[in-house]
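The values are calculated or read from the model by the stated rules, or taken from the named source; none is laboratory data. What you see is a predicted model, and the numbers here were worked out from it, not measured in a lab. Note that each Cβ is placed from the backbone with ideal geometry, even for glycine, and that neighbours are counted across all protein chains shown. Only protein heavy atoms, including side chains, enter the accessible area calculation; ligands, DNA and RNA are left aside. Shrake-Rupley method; radii C 1.70, N 1.55, O 1.52, S 1.80 Å.
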Amino acid sequence: MDRRSFVKYLGATGICISASSCASLNLFGDTYDEEVAREAWKNLANKEAAFAYVSPNKKLPNVFIYGDSISIGYTTTVRKELEGKANVFRFHKNGQSSNKFIPFTEKMKTTMFQPYLKGGWDFTWDVIHFNVGLHDLKYVKGGKLDLENGKQVNSIEKYKENLHEICKYLMKEYPKAKLIFATTTAVPEEGADGRVAGDSVKYNKAALEVLANYPEIQINDLYAFTKPHEKEWYIKPHNVHYNELGKTAQGKEVAKIIAQNL
């Protein structure tokens, strides 16, 4: 008898009236409900392929990718590379700047995970690969990139302060997870809309100063990996994003680093 038939049977006998109430009684050995979790994710996540729902396979470790649009670009490749080796989840939208990390991550936790969502995810992360920086160093005015008239989202000092809080948060909330910080990819030498060439170097230097206090956190130097190929990998001039060649190469590199930590 399958789960739904069993639920109907229990309802007819008066033992249990719904799948959710049966789940709460743990009659099936776990409380995860695929339909409930899928619906919650549908209402939470962006619609692109990188944000597709991932059904957790309990036989595999769970990987969480958090980052900006650069990480969105390489997520699908990471999933392909780690297929059959890990469940690869990513944050449900663009992770943006460092001050957003903790409230954004808390939002996903309280939306998708038990006990906040009855029938939701009931696992913890084994590996967390994260990055913040490219949205911290940009200049914005009125919600739009504006190098001439805008204000930088987070100064280097504020970025360092935020990154300290992120590290402490992850180590407290996920003490058994292996943590990997990816350095911020470069701003083109000619500059980019709302961003100054060379700022990635400054923010990465600041990040490494912070991470020196957390030797448990591994560094994935995605900046150094990408920099030599930027001319062939950039999608167009004055743009920080990468073409398919670049996204695929980055994804394979990220997958390799993650696999070493599984």
Filtering the range 166-177 down to residues that are part of a helix (DSSP H, G or I) and either of a type in the set (Gly, Ala, Ser) or surrounded by 15 or more Cβ atoms within 10 Å (Cβ to Cβ) (or both) yields Ile166, Cys167, Leu170, Glu173
Taking the range 80-121 and keeping only residues that are aromatic (Phe, Trp, Tyr), open to solvent by less than 30 Å² (accessible area, probe 1.4 Å), touching a helix residue (DSSP H, G or I) at 6+ places or on another chain (Cβ under 8 Å) and more than 21 Å from Ala182 (Cβ to Cβ), one is left with Trp121
Elements of type strands (runs of 3 or more DSSP E) contained in the range 58-150, each with 1 or more residues being among the charged types (D, E, K, R), farther than 18 Å from Gly251 by Cβ and touching a Gly at 6+ places or on another chain (Cβ under 7 Å) | 139-141
When you look at Ile180, is it within 30 Å of Thr124 (Cβ to Cβ), of a type in the set (Val, Ile, Thr) and either touching a His at 6+ places or on another chain (Cβ under 8 Å) or open to solvent by less than 20 Å² (accessible area, probe 1.4 Å) (or both), yes or no?
-> yes
When you go through Gly191, Gly198 one by one, which is the residue that is at positive phi and either in contact (Cβ under 8 Å) with a residue 24 or more places away in the chain or in contact with a Cys (Cβ under 6 Å, 6 or more places away or on another chain) (or both)?
-> Gly191
Residues in the range 148-155: is at least one in contact (Cβ under 8 Å) with a residue 60 or more places away in the chain and on the phi < 0 side of the Ramachandran plot?
-> no
When residues of the range 156-165 are filtered for being open to solvent by 60 Å² or more (accessible area, probe 1.4 Å) and closer than 12 Å to Asn99 by Cα, how many remain?
-> 3
Within the range 8-17, is there a residue that is over 32 Å from the mean Cα position of the chain (by Cα), among the β-branched types (Val, Ile, Thr), at pLDDT below 85 and not in a helix (DSSP H, G or I)?
-> yes
How about the range 233-252: which of its residues are touching a helix residue (DSSP H, G or I) at 6+ places or on another chain (Cβ under 9 Å), surrounded by fewer than 19 Cβ atoms within 10 Å (Cβ to Cβ) and in a loop (DSSP other than H, G, I, E, B)?
-> Ile235, His241, Asn243
Would you mention how many residues in the range 178-200 are in a helix (DSSP H, G or I) and within 22 Å of the chain's Cα centre (by Cα)?
-> 1
For the range 62-71, does any single residue satisfy the condition of being at pLDDT 95 or above, open to solvent by 10 Å² or more (accessible area, probe 1.4 Å) and not polar (S, T, N, Q)?
-> no
Please work out if Ala186 is at pLDDT 95 or above, within 30 Å of Asn149 (Cβ to Cβ), out of contact with any strand residue (DSSP E or B) (no Cβ under 6 Å at 6 or more places or on another chain) and open to solvent by less than 50 Å² (accessible area, probe 1.4 Å).
-> no
